[in-house]
Every structure is written in structure tokens, then in C-alpha cells.
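The values are calculated or read from the model by the stated rules, or taken from the named source; none is laboratory data. The structure presented is a predicted model; accordingly, all values stated were derived computationally and were not measured. Every residue, glycine as well, gets a Cβ built from its backbone with ideal geometry; the counts of neighbours run over all protein chains shown.
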Amino acid sequence: HDTSLLALREDYPESDWLRCAQQLTLAAQSMDQSAISTIHGWCYRMLREHAFDSGSLFRQQLITQMQDVLAELVRDYWRQHFYRLDPACVALVQASFAGPGELLKAVRGLLNKTQTTVTFNGQPLQVEAGLEQALAPVIKRHAHSAAEQQAARELWLQHWDELSALLDSLRPGLSKRSYPAAKTEDDFVSLKESLHRWAQGEEFEDKLERFGYNGLQLNKGYSAPEHPALLAIDRWAEVEQDAAARHRIPARAIVLQHARHWLEQALEQRIHSRAELGFDDLLLQLDRALHGAQGEQLAAQIRAQYPVALIDEFQDTDPLQYRIFNRIYGIADAPNEQVVVLIGDPKQSIYSFRNADIHTYLAARTATTGRHFHLGTNFRSSKSLVDAVNACFEHADQFPAGAFCFRDASGDDPLPFHPVKANGRPEILYQSADTAAAAMTFWHLSDADDAEAAISKERYQRSLGAVCAARIATILQSDSEWRFAGASEQRVRASDIAILVRDRHEAAAIREHLQQHGLASVYLSDQESVFATPEAHDVLRWLIACAEPANESAVRAALSTASLGLTVDALRRLNEDEQHWEDQAELFRLLSQHWQTNGVLPMLRELMQKHHVPQRLVQLVDGERVLTNLLHLAEYLQQASVEFEGEQALIRHLREMIDNPGDEEILRLESDAELIRIVTIHKSKGLQYPLVFLPFAASWRPIRKDWTVMLPMADQTQQRRLEISPDRDDADTALAEQERLAEDLRLLYVAMTRAVHGLWLGVGLLKYGNSNKPRLHESALGYLLAGGQEIDAGGLSAALADLQQRCGDITVETVTTQQSHADDDHDKSEVFSSSVNKPATELQPARKAEHTRPTPWWISSYSLITQVTVAGDRVEPEQPQDEQALEERMAQESELDQSVLSTPRSFDRNDPGLHGFARGPAQGTFLHNLLEWACAEGFANAVSDDTRRLEAITSRCRVKGWQDEVQRLDAWLKGFLQQTFTLHNQSNLVLTTLQNLQPEMEFLLPAHSVDTADIDALCHQYLLPGHPRPRLQPTDLNGMLKGFIDLSFEHDGKYYVADWKSNHLGRNDTAYHEAALTKAVLEHRYDVQYALYLLALHRLLRVRLPDYDYQQHVGGAVYFFLRGYQADTQGVLMDRPPAVFIHALDQLFAGKPLTEGQP
């Protein structure tokens, strides 16, 4: 029985129960119709659906990666503001930011911080109109300081001899701590030489103020005269001290605030002008619209559209998001006709680095006082584990600041800890035949040599990592009795175990210990780019060697990469065995051809297979990770090769990605087998794991001085301030540390509540940095034990013993640093000899498909049919140029295949006409685009208007860097368009005379399980019969067939399809004879292309012409070989297949069987 439903039922009379039940049933059945989206997605939808009231555009492009946009704008800022500064300002700016890249890193975290004031030592930063004007006070202070220092220099230089003698006389009395150079004669002479060089104009590397009258550090009994030179340094020091005073805003802060203000405006302007949106802009635009002139009308429309709103994970809401929903629903006084439900647990607010603000949640909680509903029962964990967690936080709740550091001096606690009830679990975790495992275990680490000594972070991680790995190895041993027992029994498997860490450094530390025990694991929170891995550098060396196989050093560099794994003996053999070296060099020459012929992905796979890379890597502990990275890089490069033409362009792109990896191409999961899972605590939120290990639970990271921190305003308003001063006062530092500790406590709470049955935590008397003083109390776990009070070894033992006494489900195990290393090193041979039950590290049998795979529905094209493909992801051409580019590239690759052994790949620019124009996909696409322009302009106009035609060609050539080809292309285009072509029916065709034509006509043909073998058979029988041609790759066409016809036109009452071909068949017109044209058409299977084009034309005419007859109305296909238009054949191949062919092809695509007598 559901207690909530029973309580709800009691609010209604019994006569209404049936009606209420029906209403609830209908609500449950229609639940799927609810709009479910992220807050960003919902804002995007509201902006589009209410474009008029929100003042946004109907169509805006969402930019998911703003990094490049911001980098471009920062470079614009640098150009517009930095280069116009005077030399003094330039020096100031460059002292803080060497270039726009450093400025971007510093300013990125300050952008779009709504309801946030940027402050420096508590002072709000103002924005000046110009950067030079904003820097004027700093320039003035620097000028004053420089003048005082110059005056001091002149006095020291003027009185150097007597000052040198004075320093010699004072040397015995100088504090050796302040002046270590005074200890020896030679060092003191060097010190005086440095002072002399300073007086001559050089910089002084030591503290100059210590050589002023007031700054001299003298022992008792010594004094210095009030020499003018010493007093001059004092005056300079006073100016410097005033310039560095806390109320003085330095140049760095001024530049940051100025850049922040300018960038936010520039970003908004760019977004408006380009109709673009970033994720932050979705919120900003909707917020501005809701608080603008039409805001109330917009809010009313959204309320009417969504009268009920449920906002989940509300504890992760930022101030701007809350402001939006508060404007729409009036959360403090929401009327009955609308309902907004805010669902969240403030104890799990852990995403401040994503702008989540727990103070926003608490403000909403205050606004909804009297309307709170608590979910007080834990359905995830066992009762014993819930009791153990309750005991820990109830203990902490007795401290003055409460369990989560939110209780103030008056006793008010907006974030108290309420003990949670437990629903319990039907199964129990056993560690032996009849002994249940403890729900919570603390590993108390102490120094083996000195139990009272504090332990460094490195030693803590090394020791407890070893303890954790050894315990997991024990649990997973084949003879282990660790199991879950309930209705049935099940052994603990590797996939039942999760190790929670704070970051990738802790993940790497624990993985190293797991590997030493032969335990396979997977890091599920890896956000590193694949370009930041060693494998990316290895693949770069492979590409360089394959692109330049004649470069001996490049080939040797590729062979020496760790990913190929050649041994030292194998590498030595390359130098000693000439034949072996020749074999390797020949392999890279073949790989180079393989790359040019088949692409970079097949080439890299071939290289790895030749060197048995997969077979070797799967035997290594981290081999799956390395192999996954290599395959990931190979697939990425294959995709990138479509955009970057040529080997060197691809190599250059990969090198750029390695230099600036960014956050693209995040590492892929190397395996989905049963592995121990390592997860960051942040990513584990909302998940559960049977057994959870927190070996580094006591780790923490103090707030550094140079970090930007979010603090409350001095007036205690809800508005927050972003403090950017690296020299914060003690109060701000303490406040920042308090905020850090409070979030760390919430993070620890999340970590401790992920476990279902068992939880292990590592704790020790940690120190931080070079100090030997224990600082465990600064960590969240330390606070949980001691409430923020300093704790020593005895206090830690007592606190753990107290927790164990409070709850019988908590146990404490004492381990020492020496013992942990013994665990790490004990009889590893036993561990590796199969004592550990590690099925994930053994190759599993291949799974068998349990269902029939449906025929895939996809959009095909002529290019995809004739391209050698595998059944996988297919990308249809979106635009004519996409289809053309793919076709041109295939044609070029085929020509290279034919010529690689016979003719050189070069060409002679002195060849006549278009024969001397370079060949390749880029050139072919260029010619097609030129003809498309001429068609759009009108063929006749393109011929008659010499100036406009020349301008069109020149502008296009300039983009490509082909200015030398303008005259050649102009002569060709004019001649080609005026050429009189003779068709098969003896009809003369001049392109300039065409009246009815359509360039780049797009078509989509339904294809119902069409076998390409049937298409191939029809083409062999009816199109240019008797000539050899390559077979089509067997493929099942099921879906749509898409294409773009270069030119469709009507001439003398007949309709034709035409295609422009830029194929290079030879160096002069004689190469374009009829046999050569036929051979080119069939080698590239253009016969299939024009068959499909004619089928599309046939179907179009059939529905457009009332008396349509194929024989009467279709003229056929005309293929223009552009380079040979002046040959005897005019470079034209024309074909009109018989009607029986078109009808058979039409029947085939309609999914009907071919009639008898047809192939």
C-alpha cells in the first residue's frame, strides 16, 4: 500500500474515490505527453515559440562550442584596444597578459555572471570608456615610482664610493637572514656589483627597499647614517607601498573588467547579427525578455502553456535560472491555478563550478515557507548503511556550525541534517559463510615509524591506494566468500564495485594499484581529449612517415613509437640488417599508396595489423585504453580527411589539434565488460553501486590565493560578488574557505550515500604542503569527526572510536604506512596466478544475435552506390556540391590508381586549352561551380558580358590562389558555351540558345529493397553493351535515392539530362576519342549515374506531361567532357537507353519483380 496515496484519499469523501482513481489513471496514461527537457532546451523552445513577445528571431543557430567564438572576439579586443595604447600602457598590459590567449584564460570565468558583481578586495570594479583612460591612475603611480627610483639611482651613482665603503662598514651588523650574501666576502662583492648595476639603470633582482635608511635590517648595536641616497630609496619604497596598497586597483584587474564588459557586449552583438545562440545566451535572452516591456505578457503566455512545472535537481539551479522561473510563476505567492514544484536536495548541491548556487535554493526555500514536502525514506541502501551514514552526520550536526556549516551564531540553520529512514534491502552482503560485512569501514592510516606524525598527501594516496586495491583483490578472489544473499545468492563481481575519486589524478593513483594486482578497471569520468594522449603523437609520426616514405628519419621515428611496440633488439636490427630496413621502408611506401587510394583509416589499420599492434596491446594491463585511443584517432582522421584535402593538410590539422586539444573528441570508453568502475564523485550523483570505496575520502584542496572566488556581498543581499584579488584579506580568505568546506561536506555526503551495501573510507592525519602540522580538520571528513577544530593523532583515534560506539554498523581498521606497502607487494605471483576472479580480463566468446537484423532504411546516392563502402553509417549528400565533391574525389582516386604505375602525377601547364589546367577534386568542383554560375547568369549573358564573366572567374581564382589561370579559364568558358554540339539525332545544340533548363535539379526516388546487382545487370545488358566495366559493390537500397542533375533541359521538343565531367583523359584533344570517352564512362560507372538521372526524369515527365511517351519526349543523357570540347568528338558522349530498360528500372525501384526475360 502506498501511504502517500492513502493519505491523499482521506482528503476526499468515499463517494468520490472512484472518480479520483479514474482521474489519476488518466493522468498516468497521459504522462508521456508531458514536455520534458533541460532548462536550456526549454528556454530555447520558449524563445522560438514566443518569438514576437520575446523579441527573438524565428530561426537562430545554437552554437554548442563557444570556445572558438570567444577566442575570435578576444583577438578582436586585443587588436582594437591593445595596439593603439601608448608604450607605457603596453608595458603594463603585457606584464599581466603576454597575448590574447592568456587574456582569454583569465576572462572566460568572468563572463555572463548575472546578478554578480566583480570586485577587487571588496571594491566593485567600474568600467571606463577607454582602456587607456582606465589605466591612467596606474600609469600615474608607475610614473611617480619610476621618477623616485631614477632619483635614487642618480644619488647612488653620484655617491657610489662612499656608499660602497658604508656597506663594507655595515656588513658585520647586517642580518644574515635578510642579507645572506653578507656571509662571505665574494657574495657580498657580487651584491654590491648588483647594486652598482642597478644605479646604472639595470633591474635589481633582490628587495631594493632593504637598502634604504628605514629598510636596513641591522643587528643590535649597529646604525646607519641618514645618507641622502638611503633616504631616496625610502621615498621610492613609500611610493611603491602606496601603489601596492589594497585599495589600489592594479592594471590586471582593470584590463580584466574592461575586457569582460567589452566582450559581453561584443558577444551579444555578434549573436544578434548572425542569429546565433550559445547555451548561456538562451538563459540571458529569455531573462531579458521576461523583464522587458513585453515581459508580463510573455510570462502569462508561458504560464498558460505550462500551468504546471516540475523542476528537478533544483539544488543545482543558478541565480539566473531561478530569476526566470520566479518571473513566470511568482514562486513566493503562486496562485492555485498554476503549480510549480521545485524538487531537490540541498545536501547534494555540488556543482558551484557550473554556477550552481546553494544560496539560490535556500532563497527559494524561504520563498515557499509552509509549502515543503520531505522525502524521508531511503530506498537505495541497506538499513545498516543508512544508520551508519545517519550516525556520522548526526554527530556532525552537534557542532556549533551544524553538519553542513550553515548554522549561524543565533542557532538558525537553513541546512540542517535530518536522519533518514530506511526502506531496507532484501539481500545482505556477507564476507564469510555466516558473517555479514560491516556496512561502513574506516581505514585509519598512521605512520609506521611515528604514530603521532602527520602524513603527506602523496604518502596518504600511495598507502591507502595500496590498501584499497588489496581489499578489492581479496573480495574478488576465486575462493572468496564475499556474496549477496537474499532470495538467491550471487558472488560479488568486479562490476559491483565503484571507487569514487575527486579528480583524474586520484583516479590514476588508484588504477596504478589495481593494475599491480591484475585488476581491470575503467575510468568513467575521463574528460581528457584524445589529442592530449601519447597515442596522438604516435599517430602523427605514423602519418608523417606514410606521407614521406622516402624520408628515412621520419620512418625511423614512426617505428620507434611506443604504440608500435618494437623492442630494443628490433630497433637495433634496423641499423644492422639492411634487408630488414628495406622491408620496413617498402612497407611505408605501400602504406603511402594505400592512403592515397583507400583513405587514412584503412591505411592506419593496415599499419597496426602489419605490426600486430592489437594482438600485443590486448595482453597489456592498459592495452585496451591505448588501442581504443588509436582507433578513435584513426576514425577522427578519416572524417577530417573529407574537409582537409591532401596528406599534408591532414597532418597539419592533427598537429594543431595536439597543440591545442581543447575539449573536443573526449576519450571513449575502452570497454563495457565487467570492470571495476572508477568515477568522480560529481559524476556519481544520482547513481548507486553495491560496494563503494572512498580510499582518499580525507583529501581536500585549500583555496589558493590566485583563484577567483564567489563571496556574498558585504550588505548580505542575495547578490554575490566575484572576488578577483590575489591578495584577499583574512576575512575574505576565511569566508572562501568556509564556502569551500561547506561544498566539500555536501560532496562527501553525496559520496557516502551512493553505496547500497558496503562503504569503505580512508582517513589519516594529513598535512598539507611543507608544514608538518596536521591539517585534517580543514577537510570535510575531518570536520565530520572534529567539527573544524584542530585534531591530533589521539583526537582522530578517539573520534573514530566514538563513531564506532555510536553505531554498531561502523567498524574501524587501523593500517600503517608500512603495512600498506606490504599489502601492495605481497605475493603478487599469487594474485596474478588466477587467485583473483577477473573475468573482464579474459577474452569472452562472441555473442550471438538473438534477433533478425531489419533491413536498414537509408538515403543513398549514385556516389555511395559506386563507392566501395561497408554497411555502416552512411551520409547522404545534403547539397549539390556535396555530391559533386564526392564524385570528383572518386574519379580522381580512380585516375591515380590507373596512373600510379605508368604515368607521372604531374601535368604540363603549357598544354593547350583546359588540358594544361591542374586536375583533382578541387579543380573539378571549381569548373562545375563556374558552369553553375554561368547557368544562373544565363549562358547567353555569360558569353556576351566579357567584363562580368572575367570578374566572376577572377574572384573565384583569387580565393584558390589560381590567378595565373584566369585567362585560360575565361577562354575555355566562352568557347565551351558557344560551341555547336552535334547530338546523336543530328540535332545541333548550342548552350546559349537554351530556353527551358534547370541546373542542379534535385530528386528523391523511393527505393524498396533494390539490389544493386539487379541494377548492374540491367546496365550491362542495355547501356553501352559489350564493353567491360567494374561490378557494383553488392548493396541493398532500402529508403530513398537522392541526387542532383547538373543540367536538365528541353531542346527541339525533347528533354535531356546533362552532366559536366572534368576527367583528364590526356594532354591534347586526340585523347578524347569515342573509345576513350566510353571507357571513362564505364570505368567510373557513369552509366549507372545517367540511368538513375533518366529514371528521375522519366518519373517527373510522367506526372507533368498529360500525353507523355518516353520514345517521343526523352532525348537521353548527354555527358560533356569539359577538357575535350574541341576534339573531333566534341568531348560528348550521348546515350538514350531503350524504353524497355527504363520500364524495367522503374519496376525495380517500385519493389516489383522483374518480368520474364529481364535480368
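Just a few scattered comments:
- Take the conditions (1) in contact with a helix residue (DSSP H, G or I) (Cβ under 6 Å, 6 or more places away or on another chain); (2) over 28 Å from Trp700 (Cα atoms); Ala448 misses just one of them, which is (2).
- Odd one out for Pro702 among (1) closer than 30 Å to Ile472 by Cβ; (2) surrounded by fewer than 18 Cβ atoms within 10 Å (Cβ to Cβ): (1)
- Annotation note: of Ile324, Ile350, the sole residue that is buried (at least 20 other Cβ atoms within 10 Å of the Cβ), outside any helix (DSSP H, G or I) and not assigned by TED's automatic domain parsing to the domain that holds Pro712 is Ile350.
- Test result for Gln80, closer than 30 Å to Glu656 by Cβ and assigned by TED's automatic domain parsing to the domain that holds Leu286: no
- Just one of the listed residues (Glu154, Glu193) is more than 30 Å from Asn219 (Cβ to Cβ) and not assigned by TED's automatic domain parsing to the domain that holds Leu92, and it is Glu154.
- Of the helices (runs of 4 or more DSSP H) lying entirely inside the stretch 536-626, those containing at least 2 residues that are buried (at least 18 other Cβ atoms within 10 Å of the Cβ) and assigned by TED's automatic domain parsing to the domain that holds Leu637 are 552-559, 578-598, 600-610, 613-617.
- Residue within the stretch 71-80 that is surrounded by 15 or more Cβ atoms within 10 Å (Cβ to Cβ) and either modelled with pLDDT under 90 or within 21 Å of Arg288 (Cα to Cα) (or both) present: yes
- Selection within the stretch 988-997 - surrounded by 13 or more Cβ atoms within 10 Å (Cβ to Cβ) and either aliphatic (A, V, I, L, M) or out of contact with any helix residue (DSSP H, G or I) (no Cβ under 8 Å at 6 or more places or on another chain) (or both): Leu989, Val990, Leu991, Leu994, Leu997
- Hits in the stretch 1-60 - residues which are within 30 Å of Gly278 (Cα to Cα) and among the basic types (Lys, Arg): Arg45, Arg48, Arg59
- Options Ala7, Ala35, Ala28; residue that is over 30 Å from Leu298 (Cβ atoms), within 43 Å of the chain's Cα centre (by Cα), loosely packed, with under 11 Cβ neighbours inside 10 Å and not β-branched (Val, Ile, Thr): Ala28
- Sole residue being under 16 Å from Trp262 (Cβ atoms) and among the acidic types (Asp, Glu), chosen from Asp76, Asp68: Asp76
- Filter pass, Ala520 being within 17 Å of Leu607 (Cα to Cα) and at pLDDT below 95: no
- Test result for Phe204, in contact with a strand residue (DSSP E or B) (Cβ under 8 Å, 6 or more places away or on another chain) and aromatic (Phe, Trp, Tyr): no
- Filter pass, Leu735 being farther than 28 Å from Ile810 by Cβ and either among the β-branched types (Val, Ile, Thr) or modelled with pLDDT under 95 (or both): yes
- Failed item in (1) modelled with pLDDT of 90 or more; (2) under 24 Å from Ile311 (Cα atoms); (3) not in a helix (DSSP H, G or I), with Tyr12 passing the rest: (2)
- Scanning the stretch 1075-1121 for residues that are without any contact (Cβ under 8 Å) to a residue 12 or more places away in the chain and crowded, with 17+ Cβ neighbours inside 10 Å yields one hit, Ala1076.
- Qualifying residue in the stretch 397-414 (condition: closer than 29 Å to Leu785 by Cα, among the hydroxyl-bearing types (Ser, Thr, Tyr), without any contact (Cβ under 8 Å) to a residue 24 or more places away in the chain and assigned to a loop (DSSP other than H, G, I, E, B)): yes
- Among the residues of the stretch 476-518, just one is in a loop (DSSP other than H, G, I, E, B) and β-branched (Val, Ile, Thr), namely Val492.
- Checked against (1) part of a loop (DSSP other than H, G, I, E, B); (2) within 28 Å of Asp729 (Cα to Cα); (3) aliphatic (A, V, I, L, M), Ile254 meets all criteria but (1).
- Of all residues in the stretch 980-1024, those satisfying the criterion of being assigned to a loop (DSSP other than H, G, I, E, B) and farther than 17 Å from Leu1092 by Cα are Leu983, His984, Asn985, Gln986, Ser987, Leu994, Gln995.
- From the options Asp1046, Asp1016, Asp1036, Asp1011, residue that is among the charged types (D, E, K, R), within 30 Å of Pro912 (Cα to Cα) and at pLDDT below 95: Asp1046
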